[in-house]
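As structure tokens, the structure follows; a few thoughts come after it.
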Amino acid sequence: MTRREKADRIGEILDTLYPNPPIPLDHQDPFTLLVSVLLSAQTTDKKVNEVTPALFSEAPDPESMAALPVDRILAHIRTVGLAPTKAKNLKAMAGLLVARHGGQVPDDIDALEALPGVGHKTASVVVCQAFGRPAFPVDTHIHRLAARWGLSDGKNVVKTEADLKKLLPEDTWIRRHLQIIYFGREHCPARGHDLRQCPICGWAATKKRIAEESRRR
């Protein structure tokens, strides 16, 4: 089976399991999505969803976020990872949205990556989920599953993103990104996972990968 054939079969399984995968971060518009994704680095989506309602009630848009003192932003997000740095980045990011983009979130990856605290993955999530533009954000779940399934060599997330974009039809990227995340969380954990019993790993994982992970269990 070629990599492309494997990717197609995996896609069929994911479409059956998650035909309409929801965005796991609660948001109302591109700005609140951007803030939520920025906060989600090294933090669970559940934790982000716990802290953002109070933050968004006080700062639902770039203008109000930029006007908040950093300490006030920090008070709302203190329980998320890297909170002090994220609080500074949120204020600076909101200020640049006002100054450079008229208070609007740009639908361009390069423009988003130029904002404080916004990396490639965050920018990719925003352009595809907020604006419907094809992108394939790669998080830790996607990175490790692509390696497990032999769709990428797993050297780094940049290579994984490039490999998956070559294998998957562009019109599937947005939903496939979410589907793989959900599958990783619900069916294919990083540790203590018997690949042979997994509905995808059981046939897609390479023999080398099965042997390596069996030794770790």
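The values are calculated or read from the model by the stated rules, or taken from the named source; none is laboratory data. The model shown is predicted, which means the values in this text are computed figures rather than measured ones. Using ideal geometry, Cβ is built from the backbone for each residue, glycine included, and neighbour counts are taken over all protein chains shown.
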Do we find that Gly150 is assigned to a loop (DSSP other than H, G, I, E, B), modelled with pLDDT of 95 or more and small (Gly, Ala, Ser) in this structure?
no
Near pairs, Cβ below 7 angstrom, 6+ apart or cross-chain, from the stretch 149-167 (of a type in the set (A, V, I, L, M)) to any residue that is assigned to a helix (DSSP H, G or I) and surrounded by fewer than 18 Cβ atoms within 10 Å (Cβ to Cβ)
Leu151/Arg3; Leu151/Lys6; Leu167/Arg3; Leu167/Arg4
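Hey, could you check the stretch 108-132 for residues that are charged (D, E, K, R) and either within 18 Å of Leu82 (Cβ to Cβ) or within 15 Å of the chain's Cα centre (by Cα) (or both) and say which is surrounded by the most Cβ atoms within 10 Å (Cβ to Cβ)? Write out each step before concluding.
First, pick out the residues of the stretch 108-132 that are charged (D, E, K, R): 108, 110, 113, 121.
Applying the additional criterion that residues be either within 18 Å of Leu82 (Cβ to Cβ) or within 15 Å of the chain's Cα centre (by Cα) (or both) yields 113, 121.
Working: Glu113: 14, Lys121: 21.
Looking at the filtered set, the residue picked out is Lys121.
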Scope the stretch 66-95; condition over 23 Å from the mean Cα position of the chain (by Cα) and buried (at least 19 other Cβ atoms within 10 Å of the Cβ); matching residues
Ala66, Leu68
